[in-house]
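Asker: Just passing along the structure, written as structure tokens.
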Amino acid sequence: MMLTCAQVLSEGKAVGVRLWPVREEKRKAVLATMLKVKEVLFSSEEIEEKVRELAERITEDYQGEEPLLVGILRGAVVVLADLMRCVELPCEIDFMEVSSYGASTSTSGVVRILKDLRENVTGRHVLIVDDIIDSGLTLSYLRRFLLARKPASLEMLALLSKPSRRQVDLNVKYVGFEVPDVFVVGYGIDYAGAYRNLKDIHAVEPRTAEG
Ligand code: PRP
């Protein structure tokens, strides 16, 4: 019998689905908030149009070059996948994964590199692609980290930006949408690991984000 995702989630005992106790707790917590996802902030159609616009600018700006698009795992997977298919240039992709050092990040901006690039970026035109920029600390750190490897150029793209949350001055060349200080999910952006697969971008009530 085929089970839908919702069935698998709601019937944790479904055949072949074994959840560790901690994961079970997390699953329940996520499920408890699932109905509190609020209105659509940006529909899949609006996102598609915006990604296309960004890709057109990139195509124009990098004429004659072969940029390396660097997606920041995990949130950037969706936007990178859509963006790269609209860029009408030969280009390559690579990925980095980072995690914050907890409290110290808010002061030092230092992040831990969990996965480094496979490509050598020296002399390459590098474009960092992220789903959302909040404090700016992650991109600020990654920019410094990659500049040390002497790329030919280094620019940044964020589908969403929350300017009111910014803690560092950062020039992000390609920004899709500016958003107020609300918790958002969908199109790659998660809450407790869930919701990344929603096609639209939704706002979540603040009390939901706080658990
Ligand atoms: C998010 C987002 C950015 C970062 C932005 O990643 O994808 O990389 O936070 O925050 P900042 O501007 O305050 O530094 P997250 O740590 O949630 O990981 P994820 O991409 O795996 O969801």
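Only the coordinates and a few stated rules stand behind these numbers; no lab work does. Treat the numbers as computed from the prediction; the structure is a model and nothing was measured. As a convention, Cβ positions derive from the backbone with ideal geometry for all residues, glycine included, and neighbour counts pool all protein chains shown.
Asker: Have a look at the DSSP beta bridges in region 90-192 and tell me what percent are antiparallel, nearest 5.
Answerer: The antiparallel proportion sits near 30 percent.
Asker: Another one. In what sequence do 140, 100 fall when counting other Cβ within 10 Å, fewest first? Mind dumping the intermediate values first?
Answerer: Details: 140 19, 100 16.
Starting with the residue having the fewest Cβ neighbours, the order is 100, 140.
Asker: Using the Karplus equation 6.51 cos²θ - 1.76 cosθ + 1.60 (θ = phi - 60°), what ³J(HN,Hα) coupling, rounded to whole Hz, does each residue of region 144-153 give in order, writing x for Gly and Pro?
Answerer: In residue order, the calculated couplings are 4, 4, 7, 4, 4, 8, 6, x, 5, 7 Hz.
Asker: Among 115, 50, what is the fewest-to-most ranking by other Cβ atoms within 10 Å?
Answerer: Fewest-to-most Cβ neighbours within 10 Å comes out as 115, 50.
Asker: Ranking 141, 187 by Cβ neighbours within 10 Å, fewest first, what do you get?
Answerer: By the 10 Å Cβ count, ascending: 141, 187.
Asker: Right, next: In this model, which of 26/150; 150/199; 173/199; 26/50 are farther than 30 Å apart at the alpha-carbon?
Answerer: Working: 26/150 42 Å; 150/199 37 Å; 173/199 25 Å; 26/50 34 Å.
Correct reply: 26/150; 150/199; 26/50.
Asker: While we're here: Please compute one quarter of the surface area of the Cα convex hull for region 118-164 and express it in square nanometres.
Answerer: That works out to 3.3 nm².
Asker: Quick check: residue separation of residue 99 and residue 144 times 0.36 nm, minus the Cα distance between them. What number comes out in nm?
Answerer: Fully extending the segment from residue 99 to residue 144 adds 14.6 nm.
Asker: With an 8 Å Cα cut-off and a minimum separation of 6 or more residues, compute the relative contact order for region 125-211 in percent.
Answerer: The value is 24 percent.
Asker: Stokes-Einstein at 10 °C, 1.306 mPa s, Kirkwood radius from Cα pairs: D for region 132-201 in µm² s⁻¹?
Answerer: Diffusion coefficient, whole number: 120 µm²/s.
Asker: Additional query: So what does the Cα-only Debye profile of region 35-206 read at q = 0.12 Å⁻¹, as log10 I(q)/I(0), no solvent term?
Answerer: Listed by q, the Debye log ratios stand at -0.52.
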